[in-house]
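Notes follow once the structure below has been shown.
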């Protein structure tokens with residue numbers, strides 16, 4: 001384990017999943033409060049055809065081109081979900097499920113064709129399904145780092161605006177904020193995080209990186225700012241630990257280990273969380289019961305005393 | 001029967017059973033639960049394999065039902081503890097799926113079970129894996145299991161047709177007249193789980209979602225009557241299966257991927273051209289009323 005820590009390539013990969021986890025954790029909070037947690041799942045599946053087409057067109061595994069392809073197809077997916085939802089009686093969750101599965105099916109179709117024509121030696125493309133952070137080269141890591149830092153900056157610079165946009169959109173509009181611009185920006189950063197994350201954790205589990213840290217952070221605090229910070233820490237921590245564990249076995253996929261690390265943090269938060277954790281709620285319930293019992297028994301005693309008094 | 005006929009029959013059975021179950025998924029607004037369960041049955045199958053060391057039908061079905069119910073219960077529990085519904089779905093299914101993938105990668109990584117197979121299915125191998133059934137002769141295992149599941153789904157749904165109708169459209173009314181709504185919810189989740197796992201071999205986890213949701217959504221655009229919607233949805237499922245197969249043969253690509261894509265084509269056609277809820281008819285309708293208004297204006 002120490003050996004793998006010392007290798008410079010692993011250090012870069014660890015750094016990139018750490019930053020990616022932080023970016024995903026922050027954007028996840030936005031998605032959580034927009035009540036769009038599963039949207040990220042739909043969009044990450046919808047990115048697959050774009051990745052494959054970008055690869056087929058350029059014929060090389062250039063990360064930047066693939067990110068562009070993924071972003072294009074995820075945005076088309078988002079637009080179609082919106083279109084189906086607004087112009088028919090189909091509900092949003094149904095539309096998301098359809099786009100997710102049909103786009104993924106198309107992606108698998110294209111992937112099979114590309115794998116066949118490229119002589120089967122492009123198995124690297126399969127990594128987009130489960131993620132293989134360890135196979136990233138230095139250049140990919142740089143691209144990911146820059147984009148992830150960009151996302152973190154976008155969220156932290158406009159923090160006040162994001163808060164207003166999420167919690168009181170009417171007031172924000174009253175102040176003259178352009179909610180359409182904010183929506184576009186939100187969709188933009190969401191898609192950006194998803195497509196850079198796909199390389200590390202794969203299309204199927206990308207949603208977990210966005211959803212789980214935010215939900216865990218919710219157990220510790222009521223303040224949005226603290227939630228974003230905590231979620232970033234949880235996400236970064238899970239990314240780091242998950243990647244580290246996955247380098248210990250040969251051919252172990254990175255994505256599932258990051259998700260499990262994240263789930264462990266979630267379970268800890270669920271039980272010990274300071275705000276709504278199970279333990280604290282159980283303690284509160286007990287002390288309340290005790291109080292009730294105390295008050296109840298006192299009432300009984302006092303009523304008996306008064307009864308006795310009236311009898312005499 | 002020929003090789004192609006077995007594949008088409010298997011895929012049609014997937015289309016039929018998924019189409020029928022899918023109608024209720026959509027009406028109960030649980031489309032994303034289907035996505036969740038289609039991922040989590042993986043852990044049920046892997047656990048069943050680790051325990052029994054064989055990949056047989058009944059064990060897989062039991063494992064899948066347990067995993068499906070576990071998903072439903074956990075989602076409900078987190079939701080009752082204040083996590084948003086869709087966030088709670090997201091947490092539960094990604095975690096269980098990740099554990100399933102890790103178990104496959106570390107414990108049972110062999111030829112019998114791999115994640116690619118589970119995700120994409122391998123319908124091309126279905127006709128080779130046969131079993132003997134009295135009266136019918138040699139029947140592929142997956143086809144037999146799908147037929148059995150379809151039968152079970154039909155029996156459960158037809159036997160309590162009225163109850164399903166009321167609980168899907170008006171759960172509050174259903175509860176008030178004494179229908180066990182919660183029990184029916186979990187029975188339905190079990191139906192989704194067994195349909196998913198039976199279709200697993202043929203089309204894989206992600207394509208099951210396409211087969212469950214898309215034909216039902218397409219039929220929802222054509223009719224307001226539940227019985228017609230069920231029939232249409234099943235028919236759309238079968239049509240997508242056939243269309244997907246021939247697209248796959250034509251392009252020489254993944255059959256399950258093409259079937260998922262074909263459901264999308266069926267939906268797009270419905271979405272554009274359905275007489276009452278389609279985009280085109282709405283557009284024409286708008287145009288017509290506009291025209292009439294103009295005429296009325298001219299008269300006055």
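The values are calculated or read from the model by the stated rules, or taken from the named source; none is laboratory data. None of these values were measured; they are calculated from a predicted model. Quick reminder, even Gly has a Cβ in these numbers, built from the backbone with ideal geometry, and neighbours come from all protein chains shown.
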field: Tally of residues being closer than 30 Å to residue B:67 by Cβ, part of a helix (DSSP H, G or I), within 11 Å of chain A (Cβ to nearest Cβ) and more than 13 Å from the chain's Cα centre (by Cα) across region B:241-264
entry: 9
- line: Selection from region A:245-279 of residues more than 12 Å from every other protein chain (Cβ to nearest Cβ) and farther than 25 Å from residue A:128 by Cβ yields A:268, A:272, A:274, A:279
query: What number of residues in region A:128-146 are at pLDDT 75 or above and surrounded by fewer than 22 Cβ atoms within 10 Å (Cβ to Cβ)?
result: 6
- request: For region B:49-72, indicate whether the set of residues that are touching a helix residue (DSSP H, G or I) at 6+ places or on another chain (Cβ under 9 Å) and within 10 Å of chain A (Cβ to nearest Cβ) is non-empty.
  value: no
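Residue by residue, here is whether (1) within 12 Å of chain A (Cβ to nearest Cβ); (2) out of contact with any helix residue (DSSP H, G or I) (no Cβ under 7 Å at 6 or more places or on another chain); (3) within 27 Å of residue A:81 (Cα to Cα); (4) buried (at least 18 other Cβ atoms within 10 Å of the Cβ) holds:
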position	(1), (2), (3), (4)
B:7	no, no, no, yes
B:10	no, no, no, yes
B:16	no, no, yes, yes
B:22	yes, no, yes, yes
B:35	yes, no, yes, yes
B:39	yes, no, yes, yes
B:77	yes, yes, no, no
Only listed residue being farther than 12 Å from residue B:19 by Cβ, away from chain A (no Cβ under 12 Å), in contact with a helix residue (DSSP H, G or I) (Cβ under 7 Å, 6 or more places away or on another chain) and part of a helix (DSSP H, G or I), chosen from B:190, B:233, B:199: B:190
message: So for region B:154-165 (the condition being under 28 Å from residue A:204 (Cβ atoms) and at pLDDT 90 or above), does at least one residue qualify?
response: no
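Name the helices (runs of 4 or more DSSP H) wholly within region A:167-244 that hold at least 3 residues that are under 20 Å from residue A:73 (Cα atoms), in contact (Cβ under 8 Å) with a residue 60 or more places away in the chain and within 14 Å of another protein chain (Cβ to nearest Cβ)? Break it down stepwise before answering.
Values: elements: A:169-174, A:179-201, A:206-218.
In region A:167-244, A:179-201, A:206-218 are the helices (runs of 4 or more DSSP H) which contain 3 or more residues that are under 20 Å from residue A:73 (Cα atoms), in contact (Cβ under 8 Å) with a residue 60 or more places away in the chain and within 14 Å of another protein chain (Cβ to nearest Cβ).
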message: If I ask for residues that are more than 7 Å from every other protein chain (Cβ to nearest Cβ) and either at pLDDT 85 or above or buried (at least 24 other Cβ atoms within 10 Å of the Cβ) (or both), which ones from region A:98-127 would you list?
response: A:99, A:103, A:107, A:110, A:111
- prompt: Looking at region B:206-222, is at least one residue under 30 Å from residue B:73 (Cβ atoms) and surrounded by fewer than 21 Cβ atoms within 10 Å (Cβ to Cβ)?
  reply: no
statement: The condition of being in contact with a helix residue (DSSP H, G or I) (Cβ under 6 Å, 6 or more places away or on another chain), assigned to a loop (DSSP other than H, G, I, E, B) and more than 18 Å from residue B:7 (Cα to Cα) holds, among B:214, B:223, B:167, only for B:223
- prompt: buried (at least 24 other Cβ atoms within 10 Å of the Cβ) and touching a residue at least 24 places away in the same chain (Cβ under 8 Å), is that true of residue A:63?
  reply: no
